[in-house]
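A.B. asks: Below is a structure I'd like to ask you about.
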Amino acid sequence: MRRILLLLGMIVLARPGFADERVWRLGVLTPFDWPSDATMHSVMLPELARRGYVEGKNLIVLPRWGSGGDLSRLAQDLASAKPDVIVAVSPTAIIAATKASPQTPIVASFTADPVVEGVAQSLARPGGMVTGIAMLAYEGDKKRLELFHEAIPAAHKLALLTRAAGVAQQDEVLRAAKGMGVEVVVYEASGPIDYASVFDAMQNAGVDGVIIGSTPIFHRDAAQLAALATERHFATICEWREMASAGCLIGYGPDIGELRLRTADFIVRLFSGGNPAEMPFEQPIRFEMAINNKVAHSIGITVAPSVFVRADEVIE
């Protein structure tokens with residue numbers, strides 16, 4: 001009997017993956033509240049499970065979330081947990097993660113331009129430990145400027161709300177505005193403490209509308225920014241479709257669900273031994289738009305029919 005049990009034990013241990021099945025540790029560093037980050041939970045984690053990485057079985061998720069200076073401290077705390085891969089959401093989180101975990105592969109989620117930010121040598125060949133999704137935010141802001149001008153052609157003086165005034169990418173937006181005969185004034189806000197005073201300055205300057213610049217912080221604070229704009233009867237265009245649901249007049253940007261699927265793909269490739277230095281950054285492909293017609297009515301704006309008919313969603 002003892003010999004039989006020994007043989008059975010040897011057979012079980014010989015089964016592929018039984019004795020050496022690895023438990024993977026996935027770090028997440030984000031300015032968004034992790035429990036309420038819908039697409040992380042409804043898209044990214046189910047896609048990882050579908051591809052064999054199941055939370056609670058062979059996957060441990062290590063979320064750290066906060067804003068501003070907290071991200072550096074949270075990145076250090078995350079590094080001590082020794083993740084195999086880190087998903088870093090926002091340029092600030094990406095830089096904090098690279099400093100705290102320089103040898104850990106990092107999937108950049110919603111980075112504006114990894115080359116400008118100094119975390120990659122090029123989009124095609126990153127050359128370091130960071131790869132992922134490159135939003136190329138200034139291209140998105142230019143497109144939103146064009147869309148705003150088409151939607152409300154009578155608006156000739158616009159504000160561009162940004163977190164970092166004067167950088168080269170914003171010069172691209174200003175040049176595009178000049179070609180359209182539109183004046184764009186750049187306003188900087190680091191976070192909620194600045195919002196009210198900045199919107200007061202816009203009102204005093206007599207702007208006709210606001211382009212809410214591309215940044216995860218403004219995405220997080222969409223409802224607050226939209227409320228300040230609506231109080232002043234400003235039309236707004238924002239980075240994501242869902243920001244129209246939060247009160248922006250127009251939300252236009254990449255399909256966030258698709259980006260979460262592609263984030264999961266990067267994670268799987270890195271778990272499988274992929275080299276981030278040779279893993280090209282990807283850019284958004286699918287875009288979507290929502291128009292909040294309730295906001296349009298409340299501020300007395302009519303969106304041009306040519307834009308209205310292209311909306312994926314109209315909020316009444």
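Results for (1) among the basic types (Lys, Arg); (2) under 26 Å from LEU71 (Cβ atoms); (3) free of Cβ contacts under 8 Å to residues at least 24 places away in the same chain; (4) in a helix (DSSP H, G or I), shown as yes or no for each residue.
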| site | (1), (2), (3), (4) |
| --- | --- |
| LEU160 | no, yes, no, no |
| ILE193 | no, yes, yes, yes |
| ASN204 | no, no, yes, yes |
| THR236 | no, no, no, no |
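A.B. asks: Would region 295-306 turn up any residue that is of a type in the set (S, T, N, Q), surrounded by 16 or more Cβ atoms within 10 Å (Cβ to Cβ), within 19 Å of GLY209 (Cα to Cα) and out of contact with any Ser or Thr (no Cβ under 9 Å at 6 or more places or on another chain)?
C.D. replies: Taking every residue of region 295-306 in turn, none turns out to be of a type in the set (S, T, N, Q), surrounded by 16 or more Cβ atoms within 10 Å (Cβ to Cβ), within 19 Å of GLY209 (Cα to Cα) and out of contact with any Ser or Thr (no Cβ under 9 Å at 6 or more places or on another chain).
A.B. asks: Still on this structure, I have one more. Being over 18 Å from ALA264 (Cβ atoms) and touching a Pro at 6+ places or on another chain (Cβ under 6 Å) is the filter; apply it to region 64-118 and report the residue that is surrounded by the most Cβ atoms within 10 Å (Cβ to Cβ).
C.D. replies: ALA112
A.B. asks: Please go through region 248-273 and pick out each residue that is assigned to a helix (DSSP H, G or I), modelled with pLDDT of 95 or more, in contact with a strand residue (DSSP E or B) (Cβ under 6 Å, 6 or more places away or on another chain) and among the aliphatic types (A, V, I, L, M).
C.D. replies: ILE267, LEU270
A.B. asks: Quick one: count up the residues across region 283-297 that are under 18 Å from the mean Cα position of the chain (by Cα) and not aliphatic (A, V, I, L, M).
C.D. replies: 5
A.B. asks: Still on this model: Could you check region 53-70 and list, in sequence order, the residues that are of a type outside the set (Val, Ile, Thr) and free of Cβ contacts under 8 Å to residues at least 40 places away in the same chain?
C.D. replies: GLU55, GLY56, LYS57, ASN58, LEU59, LEU62, PRO63, ARG64, TRP65, GLY66, GLY69, ASP70
A.B. asks: Taking the criterion of being out of contact with any helix residue (DSSP H, G or I) (no Cβ under 6 Å at 6 or more places or on another chain), closer than 30 Å to VAL309 by Cα and not polar (S, T, N, Q), would at least one residue in region 166-174 satisfy it?
C.D. replies: Yes; the residues of region 166-174 include at least one that is out of contact with any helix residue (DSSP H, G or I) (no Cβ under 6 Å at 6 or more places or on another chain), closer than 30 Å to VAL309 by Cα and not polar (S, T, N, Q).
A.B. asks: Given the residues GLN224, GLN283, which is the only one that is of a type outside the set (A, V, I, L, M, F, W, C), in contact with a strand residue (DSSP E or B) (Cβ under 6 Å, 6 or more places away or on another chain) and surrounded by fewer than 24 Cβ atoms within 10 Å (Cβ to Cβ)?
C.D. replies: GLN283 is the lone residue from the list that is of a type outside the set (A, V, I, L, M, F, W, C), in contact with a strand residue (DSSP E or B) (Cβ under 6 Å, 6 or more places away or on another chain) and surrounded by fewer than 24 Cβ atoms within 10 Å (Cβ to Cβ).
A.B. asks: Return a yes/no flag: does region 83-106 have any residue that is assigned by TED's automatic domain parsing to the domain that holds THR263 and over 24 Å from ALA277 (Cα atoms).
C.D. replies: no
A.B. asks: Tally up the residues in region 119-155 that are over 15 Å from the mean Cα position of the chain (by Cα) and either without any contact (Cβ under 8 Å) to a residue 40 or more places away in the chain or not assigned by TED's automatic domain parsing to the domain that holds ILE94 (or both), please.
C.D. replies: Here the count works out to 17.
A.B. asks: On to the next question. Which residues, taken from region 276-316, are under 30 Å from PRO114 (Cα atoms) and in a strand (DSSP E or B)?
C.D. replies: GLU282, PHE287, GLU288, MET289, ALA290
A.B. asks: Search region 274-287 for residues that are among the acidic types (Asp, Glu) and pair each with any residue that is part of a loop (DSSP other than H, G, I, E, B) when their beta-carbon atoms are under 9 Å apart and the residues are at least 6 apart or on different chains.
C.D. replies: Once the first residue is among the acidic types (Asp, Glu) and sits in region 274-287, its partners that are part of a loop (DSSP other than H, G, I, E, B) give GLU278/ARG125; GLU278/PRO126; GLU278/GLY127; GLU282/LEU123.
A.B. asks: Taking the condition surrounded by fewer than 19 Cβ atoms within 10 Å (Cβ to Cβ) and assigned by TED's automatic domain parsing to the domain that holds THR39, does LEU270 pass?
C.D. replies: no
The values are calculated or read from the model by the stated rules, or taken from the named source; none is laboratory data. None of the values given here were measured: they were computed from a predicted structure. As a convention, Cβ positions derive from the backbone with ideal geometry for all residues, glycine included, and neighbour counts pool all protein chains shown.
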